[in-house]
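Written out below as structure tokens is the structure these notes cover.
Read the figures in this text as sums done on the coordinates, not as results from a lab. On a predicted model such as this, the values are computed, not experimentally measured, just so you know. A quick note on method: Cβ atoms are made from the backbone with ideal geometry, for glycine too, and the neighbour counts reach across all protein chains shown.
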Amino acid sequence: MSSVVIDRPLGLPPGMWLGILAGLGAGAFWGMTFIAPLLVAGFSSVDYTVGRFVACGVFSVLLLAWAQFKQRAMGGAAARLPSWRQASAAVGLSLLGYTGYYLLLVLAIADAGAALPVLIIGTIPLAIMLLGKPAGLRWKTLAPALVLTALGLALMMQATAAEVGEGGSGHLFRGLVYAVCAMASWTAFGLLNAAWLRRHPEVNSTLWANWLGVAAGLGALVLWMFWGSAWADMVQRPGFWPFVAVCAVTGIGSAWVAAVLWNMASRRLSPSLAGQLIVSETVFGLIYTFAWSGQWPAPVQWAASVLFVLGILASIRAHR
């Protein structure tokens, strides 16, 4: 009896716990994107978007090439390549959840500072929980998680209302629009990506992350050709190499590693529970932002974070 308690805490199977840990890990990496544009000044939102996803694309290509080399060296068949249908799905989803989403987020941060976009992006769990609820799950069972998350967002919004616009260009309304569009874009990605993974169990999480990474890298190059800064101009700017380092870290960590973790979570959890775990991105994003600014959160912000954690626990309980 005691071994059952140890092996299945809260009555959840090990596979479900792996999905939960993977979802929280993805949130920790995603939270880095909120401070990336604040680390090095002098580069545009397009520059950051392009740099991050080119790094992700290059890393994905290297991993795919290594897989091909390893398979050939072992005398096996060539590593799997996507069909035209799979490739088009990767391009479309990478636009929703990678290049397009991150560009909108960086534009929002540039116009309104980091606090407001963090809060708006934080509503993604509510949207996915509402839209991705399993048919057999009753609303009253899910209600505590929804209420706790909504209360946490309300507290955080009240606490940071005075900070809205700080660090941005002063175009608050435009930043608000960008943030809402980013939220809608990633909500669509979260639901559609989970549905695609359920329909294609033969494609593992790492391989799908590589395909998405290549698609995002190609999309970033197109973006750079039309709207990015000239290479010679960027190289001459102060802080170019720190900028490259930030792009590499967020491209590999916040894009590729987070994608693998999120794919693992999406395979093992229902969309509503996986969606709830996205609130960890908000918590980590706020922690990183506060650490960068050198300020401790106010008591009401601590209270909001506690509500977020309680919301996650309530959602886990509801999905047992």
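Relative contact order for the chain using alpha-carbon pairs under 8 Å, separation at least 6, rounded to a whole percent? Relative contact order here is 42 percent. Computed over the chain, the per-residue total of -39500 (n - 2.57) for DSSP H runs of n ≥ 4 gives a 222 nm mean residue ellipticity of -23500 deg cm²/dmol, rounded to 500. Modelled this way, with points 7 Å down the Cα-to-C-beta line, the labels at residue 225 and residue 245 are 3.3 nm from one another. Counting beta carbons within 10 Å around each of 70, 140 and listing the fewest first gives the order 140, 70. Please give the charge dipole size of the chain, origin at the Cα centre, charges +1 on K and R Cβ atoms and -1 on D and E Cβ atoms. Round to the nearest 20 debye. Value, rounded to 20: 1160 debye. Size descriptors for the chain (Cα atoms only): Rg and Dmax, in that order, 19.9, 67 Å.
A simple spin-label model places pseudo-atoms 7 Å from Cα toward Cβ; at residue 236 and residue 200 they are separated by 4.4 nm. In this simple spin-label model, placing a label point 7 Å from the Cα along the Cα-to-Cβ direction at both residue 320 and residue 151 gives a separation of 2.1 nm. Relative to the 2.2 N^0.38 Å rule of thumb, the range 180-320 has a C-alpha radius of gyration ratio of 1.27.
Two tests apply to each whole DSSP H helix in the chain, Cα reach of 20 Å or more along its axis and mean Kyte-Doolittle hydropathy of at least 0.0, and the ones passing both are 14-30, 45-73, 139-159, 172-199, 205-227, 279-293, 299-318. Each of 129, 225 has some number of other Cβ atoms within 10 Å of its Cβ, and from fewest to most they run 225, 129.
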